[in-house]
Amino acid sequence: MRDRDVDKTNKTNGQALRMDRLCKSYQLGSMELKVLRDIDLTINNGEYIAIMGPSGSGKSTLLNMIGCLDRPTSGDYWLGGENVALLEDDDLSLIRGARIGFVFQSFNLISQLNVVENIEVPMYYQGCSERESEQRAKKLADMVGLGDRLKHRPTELSGGQQQRVAIARSLANDPLIILADEPTGNLDSESGAEILKILDRLHNEGKTLIVVTHDPGIAKTAGRLVELFDGRIKRQPKSE
Amino acid sequence: MFLFRFKRTAKLGLKSLWMHKLRSSLTTLGIIFGVSSVIAMLAIGEGASQEAQAQIARLGSQNIIIKTAKPPEEQDVSGQDESMREYGLTYADAERFRNSIPNVEVIVPSRLIPQQAWYRNRKVAIEIVGTVPWYPEITPAQIKLGRFLTSIDLHHKQSICVVDEKVVDELFLFDDPLGQDIKLQSDYYRVVGVVQSQSRGEAAEALGGGDSAEGKGQGANVGNIYIPLTTVKNRFGEISIQFSGSSGRSVERVELQEITVKVGSVDEVLPTRDTLETLLDRFHKKNDYQVIVPLELLKQAKATQRIFSIVLGSIAAISLLVGGIGIMNIMLATVSERTREIGIRRALGAKKRDIIMQFLSETLMLTLLGGILGISLGSFIPYMVQQFGKMPTVITGESLLLAFGISAGIGVIFGLYPAYRAANMDPIESLRHE
Ligand SMILES: Nc1ncnc2c1ncn2[C@@H]1O[C@H](COP(=O)(O)OP(=O)(O)OP(=O)(O)O)[C@@H](O)[C@H]1O
Ligand SMILES: [Mg+2]
């Protein structure tokens with residue numbers, strides 16, 4: 001049951017992903033609500049991207065699309081050389097687990113599991129052995145500064161600590177891309193800054209980082225800013 | 001790999017069941033009661049069935065039993081008049097059977113007389129069975145000590161007797177019964193043999209018949225003393241005085257209380273019964289006899305027991321069904337309560353079948369736990385019934401297997417739908433849930 005070998009190294013000359021005229025719309029009764037319109041977006045390996053835009057402009061929708069939680073209504077989405085539209089549901093699960101790490105605004109830890117167990121979840125679905133995954137989970141917890149909180153439940157942690165667990169969890173399967181949807185949105189500025197520091201470090205270690213944010217500070221740290229307005233990319237400075 | 005995964009899935013399931021201890025145990029209760037009622041009902045049904053069949057089998061499946069019955073029109077005439085009433089089976093009947101039915105193996109005529117037997121200063125109520133040497137052929141009871149009656153005994157009207165073990169227990173205690181003399185009325189009879197007790201009374205009761213004057217009113221469970229038929233005829237005559245109610249008495253004359261006809265094979269039982277009935281009908285003006293065919297009773301008993309078992313089983317199955325629906329209900333609630341968790345797991349790489357396995361294994365653990373507890377409780381109930389209700393119960397291996405299979409089946413059937421619901425939720429919507 002060990003996964004079909006997921007191709008983590010990119011054969012498409014440094015491109016992490018590419019979107020071509022991608023659209024997403026929801027059918028609300030007889031009305032069609034277009035949330036994403038003709039998105040053309042190319043992101044290279046190792047980039048740090050900030051996605052900004054007013055509320056309701058489709059940032060989260062775009063991020064879910066990148067993370068293979070959602071499928072486009074039309075257009076193409078290539079992730080590391082694979083056309084996502086053609087993949088089965090099981091393949092999407094596999095990609096999410098192996099190649100992508102999610103960090104959410106509301107942390108989304110599983111409340112009945114402790115820190116180590118939460119970090120282990122993605123490894124469990126990739127078929128890691130219990131010992132191997134426990135060791136790695138402890139190491140990751142240590143890395144985000146929670147080495148002394150291994151047996152704590154999420155409710156026994158502060159928001160900042162919970163978000164650090166979430167980041168550790170997103171790194172469990174050593175993914176290429178980290179997606180973060182307003183990772184500091186629920187945090188005070190101090191813990192927010194800490195989170196940003198960790199994200200920055202990950203970027204320096206070579207991860208591709210895509211962060212949705214309202215914080216202009218993050219936008220400055222990021223290598224590139226993608227601004228959404230009403231489902232369209234408003235301004236996209238050429239990526240280097 | 002799969003097993004290894006399964007262990008962790010089970011661990012996960014146990015964890016979340018443990019988090020809702022009260023809810024889990026209340027849910028399991030439904031299965032526990034369902035499974036235990038299946039087992040208890042099957043055990044009680046099987047016990048009753050085996051008991052009835054054993055009782056009937058004791059009467060012999062190749063036998064046809066004809067009993068003397070008090071004719072109904074005379075029963076109303078109550079007893080101021082002392083005129084003698086004659087009815088019932090006669091030696092002539094036995095002779096006729098012997099002459100006109102070709103495939104008869106043996107014919108055993110019997111006199112049955114309730115009496116008191118004395119040995120030294122001990123006294124016990126018994127039933128005298130005046131019969132013939134070939135009596136053992138119609139009963140499974142075996143000779144334990146000494147011998148049974150012989151033709152010589154019959155011919156010489158010997159004052160000897162064969163007692164059954166019940167009589168031995170009550171009269172002789174630790175003495176060797178062989179060679180001792182038992183007193184019946186004013187005469188002594190030497191004990192020449194001991195046979196197994198065969199509880200004729202019980203068997204007759206199981207038949208719902210056995211309405212003979214002698215059998216009635218007697219404690220059904222008395223021992224038997226077998227004496228040559230000729231001796232009995234000589235000593236006790238054929239006339240008995242019946243006290244009916246408080247007001248009066250009547251005098252009756254009955255030659256034989258019972259004639260048992262044994263045929264060569266089970267197939268001949270029913271045709272022979274028909275012949276016997278025509279014969280009896282021709283020579284008996286009064287309806288003073290009753291024909292009992294153990295084989296037919298056995299068939300009837302089996303059929304009734306089957307229906308009985310089906311009814312009991314259905315009731316138990318309904319309670320299991322209710323238990324299963326309870327489980328499904330709880331699992332649906334659990335799924336919707338944990339929508340967000342499902343979304344998180346899906347985002348972190350869980351496939352649909354991972355989610356299905358997670359919830360299915362939780363349901364399975366609930367029902368199997370219920371099944372195991374139900375089997376223990378269900379085995380305990382028949383035990384109590386047997387101890388205090390004096391009812392035989394039999395727990396068969398099949399019923400245990402059935403109960404276990406049913407609880408696993410319920411886990412899968414009632415667990416699948418909630419699990420599918422969980423797996424097919426949209427991950428994004430699940431993540432947004434709350
Ligand atoms: N399942 C859905 N059905 C219908 N409309 C939806 C659905 N999901 C999202 N939308 C709509 O799509 C639009 C974009 O939503 P999205 O969550 O991407 O916005 P956002 O840019 O992340 O906003 P915010 O900054 O407030 O998080 C919204 O107008 C929302 O109402
Ligand atoms: Mg959003």
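Computed from Cα positions, the angle between helix A:159-170 and the longest principal axis of chain A comes to roughly 80 degrees. Across the alpha-carbon set of the range B:288-434, the Rg to Rh ratio works out to 1.25, Rh being the Kirkwood radius.
For chain A, the longest principal axis of the Cα atoms and the long axis of helix A:130-143 meet at an angle of about 80 degrees. Computed 3J(HN,Hα) for the range B:285-293, one whole-Hz value per residue from the Karplus formula 6.51 cos²θ - 1.76 cosθ + 1.60 where θ = phi - 60°, is 6, 8, 8, 10, 8, 9, 9, 10, 10, glycine and proline marked x. Expressed as a fraction of 2.2 N^0.38 Å, the value expected for a compact globular protein of N residues, the C-alpha radius of gyration of the range A:137-240 is 1.16. The value of relative contact order for chain A, using C-alpha pairs under 8 Å at least six residues apart, is 28 percent. Between A:THR155, A:THR213, A:THR61, the GNM of chain A built on Cα springs shorter than 10 angstrom shows A:THR155 fluctuating the most.
The 3J(HN,Hα) values that the Karplus relation (6.51, -1.76, 1.60; θ = phi - 60°) gives for the range A:42-56 are, in residue order, 10, 10, 8, 4, x, 6, 10, 10, 10, 10, 10, x, x, 4, x Hz. Gly and Pro appear as x.
Taken one residue at a time, the phi angles of the range B:254-259 give Karplus couplings (6.51, -1.76, 1.60, θ = phi - 60°) of 10, 7, 10, 8, 8, 10 Hz. Gly and Pro are set to x.
The long axis of helix B:294-337 is offset from the longest Cα principal axis of chain B by roughly 20 degrees.
Within 12 Å, Cβ to Cβ, of A:GLY67, how many net charges do the neighbouring residues add up to if Lys/Arg are +1 and Asp/Glu are -1? Cβ neighbours under 12 Å give a net charge of +2.
Helix-derived [θ] at 222 nm for chain A: sum -39500 (n - 2.57) over DSSP H runs of at least 4, divide by residue count, nearest 500?
On the way: 7 runs with 78 residues, N = 240.
Result for chain A, helices only: -10000 deg cm²/dmol.
Counting only other chain Cβ atoms within 10 Å of each residue's Cβ, the peptide A:167-180 averages 1. In this structure, the amide hydrogen of B:GLY130, modeled 1.01 Å from its nitrogen in the peptide plane, lies closer than 5 angstrom to those of B:ARG111, B:LEU112, B:ILE113, B:ILE227, counting only residues at least 5 positions away or on a different chain.
Can you pull a Stokes-Einstein diffusion coefficient for the protein assembly as shown at 4 °C (1.567 mPa s), Rh from Kirkwood over Cα pairs, as a whole number of µm²/s?
Estimated diffusion coefficient is 39 µm²/s.
Largest first, the three principal axis extents of the alpha carbons in the range A:81-203 are 43, 31, 25 Å in whole numbers. Peptide A:120-130 has a mean of 4 when you count, residue by residue, the C-beta atoms of other protein chains within 10 Å of its C-beta. The residues of the range B:132-193 have, on average, 53 Å² of accessible surface per residue, using a 1.4 Å probe with all protein chains present. Computed per residue of chain B from DSSP H runs no shorter than four, each worth -39500 (n - 2.57), the mean residue ellipticity at 222 nm is -18000 deg cm²/dmol.
Annotation: lysines with alpha-carbon distance below 19 angstrom to B:LYS262 (same-chain offsets under eight excluded): B:LYS67, B:LYS299.
Wrap a convex hull around the Cα atoms of chain A, take a quarter of its surface area, and give that in square nanometres.
13.5 nm²
Under a 5 Å amide H cut-off, with hydrogens placed 1.01 Å from N, A:VAL103 pairs with A:LEU179, A:ALA180, A:ASP181 among residues at least 5 apart or on other chains.
In terms of overall dimensions, the C-alpha atoms belonging to chain B reach 103, 51, 47 Å along their principal axes, ordered largest to smallest. Charges were assigned to the Cβ only: +1 to each Lys and Arg, -1 to each Asp and Glu. The resulting dipole of the range B:274-331 about its Cα centre is roughly 60 debye. Non-local lysine pairs in the range A:1-156, meaning eight or more places apart or on different chains, with alpha-carbon distances under 23 Å, amount to 6. Quick check: net charge around A:GLU130, other residues with Cβ under 9 Å of its Cβ, Lys/Arg +1 and Asp/Glu -1? With Lys, Arg at +1 and Asp, Glu at -1, the net is 0.
Around the Cα centre of chain A, unit charges on the Cβ atoms of Lys, Arg, Asp and Glu (plus for the first two, minus for the last two) sum to a dipole of about 360 debye.
Per the Debye calculation on the range B:224-352 with a single equal scatterer at every Cα and no solvent contribution, log₁₀ I(q)/I(0) for q = 0.11, 0.12 Å⁻¹ amounts to -0.76, -0.85.
Could you sort out which of B:LYS70/B:LYS157; A:LYS207/B:LYS351; B:LYS157/B:LYS390; B:LYS70/B:LYS233 sit more than 31 Å apart by Cα distance in this structure? Distance filter (> 31 Å) returns B:LYS157/B:LYS390. Candidate cross-link partners of A:LYS197 among the aspartates and glutamates, defined by an alpha-carbon separation under 17 Å and a same-chain spacing of 8 or more, comprise A:GLU47, A:ASP142, A:ASP181, A:GLU182, A:ASP188, A:GLU205, A:ASP215. The alpha-carbon of B:LYS123 sits under 17 angstrom from the alpha-carbons of these lysines, leaving out residues fewer than 8 places away in its chain: B:LYS166, B:LYS183. Surface composition of chain B: carbon and sulfur make up 59 percent of the accessible area, probe 1.4 Å.
Amide H contacts for B:ILE160 (H built 1.01 Å from N in the peptide plane; partners 5 or more residues away or on another chain; cut-off under 5 Å): B:ARG190.
Using a probe of 1.4 Å, the accessible surface attributed to B:MET365 totals some 40 Å² when neighbouring protein chains are kept in position. Partner shielding of B:349-356 amounts to 6, given as the average count of beta-carbon atoms from other chains within 10 Å of each residue beta-carbon.
The values are calculated or read from the model by the stated rules, or taken from the named source; none is laboratory data. Since the model is a prediction, treat every value here as computed from it, not as a measurement. Positions of Cβ are backbone-derived with ideal geometry, glycine not excepted, and every protein chain shown enters the neighbour counts. Surface areas here come from the heavy atoms of the whole protein model, side chains and all, with no ligands, DNA or RNA. Shrake-Rupley method; radii C 1.70, N 1.55, O 1.52, S 1.80 Å.
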